[in-house]
Amino acid sequence: MNPPRELSINPITSFLVLVCLAGAAGAFLLGHFYVPYALLAAAVLIGVSLKMANAWQKFVILRMGKLQSVRGAGLFVILPLLDRVVAVIDSRIQTTAFNAEQALTKDTVPVNVDAIIFWHVSDAEKAALAITNYREAIDRVAQTSLREMIGSSMLAALLSDRKEADEQLKVEIGQKTAAWGIAVSSVEIRDVAIPVALQDAMSRQAQAEREKQARVILGSAEAAIAGKFVEAAAIYDGHPWALQLRAMNIIYETTKDRGATILMPSSMVDSLNPSAAPVAFALAMKPAAAVPALIEPEPARQQAAA
């Protein structure tokens with residue numbers, strides 16, 4: 001339970017006390033006997049009985065040891081000697097950082113986990129009377145729940161499913177703190193640190209997986225390209241002139257840049273000649289023994305050229 005730290009005199013109470021003290025001093029100077037004492041008693045009574053709570057504060061008041069009321073924002077009066085403010089509860093959302101060091105996962109991997117919890121007091125009466133120090137209890141419960149969650153989770157799930165782990169921690173911690181009037185808004189895991197040696201092993205594993213995937217993609221691309229080549233070969237086989245046009249287009253694309261020089265075999269040049277294309281195709285299809293019968297002797301070709 002929080003100690004009543006915010007029980008200092010508020011501005012309104014301070015003003016009224018000062019007015020009473022000033023009146024008592026003036027009455028004393030005027031020679032009155034009873035009025036100064038009455039004003040002094042009123043100043044003391046106002047100082048101890050008139051309280052003011054801010055919008056986010058809850059004052060827990062006991063009367064002769066029993067719960068009298070829980071006062072919220074605004075001015076209120078307590079009975080001196082009978083009433084006592086035992087706790088001033090802050091109902092705003094608050095944060096508590098907690099961690100677990102060298103906690104073993106389900107697959108026996110030591111990890112260091114840092115997390116933060118967002119919570120607020122939903123029931124000031126329970127927070128003040130059901131537990132001694134709810135702030136310290138929240139920290140202990142959060143650490144215990146974090147270690148339990150780590151021990152029941154695999155390392156891969158802990159690294160990849162952060163949101164699921166956050167929700168699990170929120171539910172577990174909220175169930176334990178509900179009896180104290182504490183509501184858990186959310187839990188967020190900030191960091192999961194693993195040993196350096198394991199980081200290197202996981203890095204090599206990830207690299208191997210990426211290389212495997214790259215090779216599979218490359219193989220799929222090669223298979224697709226080979227299939228397209230097979231389709232193109234089937235088309236060219238049924239349309240020899242299309243192959244001639246493709247070859248001529250390749251030569252054009254290669255020689256269109258100025259200054260480029262290309263050396264081509266004479267057989268390739270002959271194959272591009274439409275009149276000689278059937279002969280070249282027949283030469284490619286005939287056996288080696290039948291080739292000399294279709295080819296002119298080299299000297300005769302030279303003479304014809306001359």
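The values are calculated or read from the model by the stated rules, or taken from the named source; none is laboratory data. In this text the structure is predicted, and so the values were computed from the model without any measurement. Cβ sites come from the backbone with ideal geometry, for glycine too, and all protein chains shown count toward neighbours.
So the values come out like this:
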read-out	value
Residue within segment 89-110 that is outside any helix (DSSP H, G or I), at positive phi and either surrounded by 15 or more Cβ atoms within 10 Å (Cβ to Cβ) or of a type in the set (A, V, I, L, M, F, W, C) (or both) present	no
Residue count, segment 118-147 (criterion: assigned to a helix (DSSP H, G or I), touching a Gly at 6+ places or on another chain (Cβ under 9 Å) and either assigned by TED's automatic domain parsing to the domain that holds Ala55 or closer than 17 Å to Lys176 by Cβ (or both))	3
Odd one out for Ala183, checked against (1) surrounded by 13 or more Cβ atoms within 10 Å (Cβ to Cβ); (2) more than 21 Å from the chain's Cα centre (by Cα); (3) among the aliphatic types (A, V, I, L, M); (4) modelled with pLDDT under 85	(4)
Scope segment 148-164; condition in a helix (DSSP H, G or I) and either without any contact (Cβ under 8 Å) to a residue 40 or more places away in the chain or closer than 30 Å to Val60 by Cα (or both); matching residues	Glu148, Met149, Ala156, Ala157, Leu159, Ser160, Arg162, Lys163, Glu164
Counted residues, segment 249-263 - those being modelled with pLDDT under 75 and assigned to a helix (DSSP H, G or I)	6
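Each row is one residue, and each column tells you yes or no for (1) assigned by TED's automatic domain parsing to the domain that holds Glu136; (2) in a helix (DSSP H, G or I); (3) within 30 Å of Asp139 (Cα to Cα); (4) in contact with a strand residue (DSSP E or B) (Cβ under 8 Å, 6 or more places away or on another chain).
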{"site": "Asp166", "(1), (2), (3), (4)": "yes, yes, yes, yes"}
{"site": "Leu169", "(1), (2), (3), (4)": "yes, yes, yes, yes"}
{"site": "Glu172", "(1), (2), (3), (4)": "yes, yes, yes, no"}
{"site": "Ser185", "(1), (2), (3), (4)": "yes, no, yes, yes"}
{"site": "Glu188", "(1), (2), (3), (4)": "yes, no, yes, yes"}
{"site": "Gln205", "(1), (2), (3), (4)": "no, yes, no, no"}
{"site": "Glu209", "(1), (2), (3), (4)": "no, yes, no, no"}
{"site": "Lys212", "(1), (2), (3), (4)": "no, yes, no, no"}
{"site": "Ile217", "(1), (2), (3), (4)": "no, yes, no, no"}
